[in-house]
Amino acid sequence: MAGKKRLAILISGRGSNMVAIARALKRGKIPNAEIAVVLSNKPDAAGLKKAQQMGLETLCISHKDFHTREDFDRRIVEELRKRRVDLVCLAGFMRILSPYFINQYRNQIMNIHPALLPSFPGMQAQKDALEHGVKYSGCTVHFVSEDVDAGPIIIQKVVPVRDDDDADTLAARILRQEHKIYAEAIRLFTEDRLEVRGRRVFWKKKP
Ligand code: GAR
């Protein structure tokens with residue numbers, strides 16, 4: 001049997017998706033994977049401490065130490081290559097990746113977004129959805145392409161908007177589903193079951 005797929009989880013903040021992925025792994029829900037590193041671009045990211053408490057290797061590379069986006073990305077890619085990473089999971093990583101990074105890991109970088117893309121891309125998706133007045137929002141896991149929040153969609157989950165929601169209550173309801181679908185998308189990847197054809201991602205049947 002082929003070895004386990006090695007994951008890098010990139011964070012910038014609280015890291016709840018990272019924790020959910022790590023827990024899914026610990027519970028045996030993603031048997032073909034292991035976490036090689038949790039990497040943050042911010043030294044004070046709360047997720048870093050949580051990762052350390054879970055016994056995971058952590059690394060902080062501040063984007064502020066680099067002149068250009070690509071210089072920063074080259075350094076990250078170097079660290080990922082050292083650790084033989086197969087899949088890069090962006091989990092609240094608030095940096096846009098350069099074409100260099102994306103080309104190094106084509107269809108091997110996933111992102112989670114708290115809306116049903118292509119609706120409400122950007123930094124405040126839950127607030128935008130609420131203010132637009134949608135009755136349903138949700139979350140999306142997609143492969144990362146050069147266009148922000150626009151790569152091929154792997155999995156989505158619909159979440160209803162309630163009359164008494166504010167951006168925080170809606171975000172919390174969406175977050176619970178994010179934690180489920182991210183682990184699911186990673187499991188499909190690690191089972192070699194994701195096939196990308198143009199913009200569409202097909203889930204291959206289990207052999
Ligand atoms: C999550 O809700 C994620 O979907 C969102 O940031 C949050 C990170 O939370 N990402 C984006 O908005 C990307 N545009 P976490 O650090 O607790 O996983």
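Observations
- Ala115 satisfies every condition listed in (1) open to solvent by less than 10 Å² (accessible area, probe 1.4 Å); (2) more than 10 Å from the ligand (Cβ to nearest atom) except (2).
- Set side by side, the residues Leu87, Leu48 differ, and just one is within 17 Å of the chain's Cα centre (by Cα) and buried (at least 22 other Cβ atoms within 10 Å of the Cβ), which is Leu48.
- Neighbours by Cβ (under 6 Å, 6+ apart or cross-chain): first from segment 1-24, farther than 12 Å from Val88 by Cβ and of a type outside the set (Val, Ile, Thr); second open to solvent by 30 Å² or more (accessible area, probe 1.4 Å) and more than 13 Å from the ligand (Cβ to nearest atom): Lys4/Asn32; Lys4/Glu34; Ala22/Met54
- For segment 34-41, the condition holds for no residue, the condition being that it is surrounded by fewer than 19 Cβ atoms within 10 Å (Cβ to Cβ), within 27 Å of Pro121 (Cα to Cα) and not β-branched (Val, Ile, Thr).
- Residues that are of a type in the set (Val, Ile, Thr), under 19 Å from the mean Cα position of the chain (by Cα), crowded, with 17+ Cβ neighbours inside 10 Å and not in a helix (DSSP H, G or I) within segment 151-207 comprise Ile153, Ile154, Ile155, Val159, Val201, listed in sequence order.
- Selection count, segment 77-119, where residues are without any contact (Cβ under 8 Å) to a residue 40 or more places away in the chain, of a type in the set (D, E, K, R) and closer than 22 Å to Arg197 by Cβ: 1
- Failed condition for Val77, given (1) in a loop (DSSP other than H, G, I, E, B); (2) among the hydrophobic types (A, V, I, L, M, F, W, C); (3) open to solvent by less than 10 Å² (accessible area, probe 1.4 Å): (1)
- Residue in segment 3-10 that is under 21 Å from Arg176 (Cα atoms) and within 11 Å of the ligand (Cβ to nearest atom) present: yes
The values are calculated or read from the model by the stated rules, or taken from the named source; none is laboratory data. Everything numeric here is computed off the predicted structure, so don't read it as measured data. Note: ideal-geometry Cβ built from the backbone for every residue, glycine included; neighbour counts use all protein chains shown. Protein only, heavy atoms only, side chains kept; ligands, DNA and RNA dropped before computing areas. Shrake-Rupley method; radii C 1.70, N 1.55, O 1.52, S 1.80 Å.
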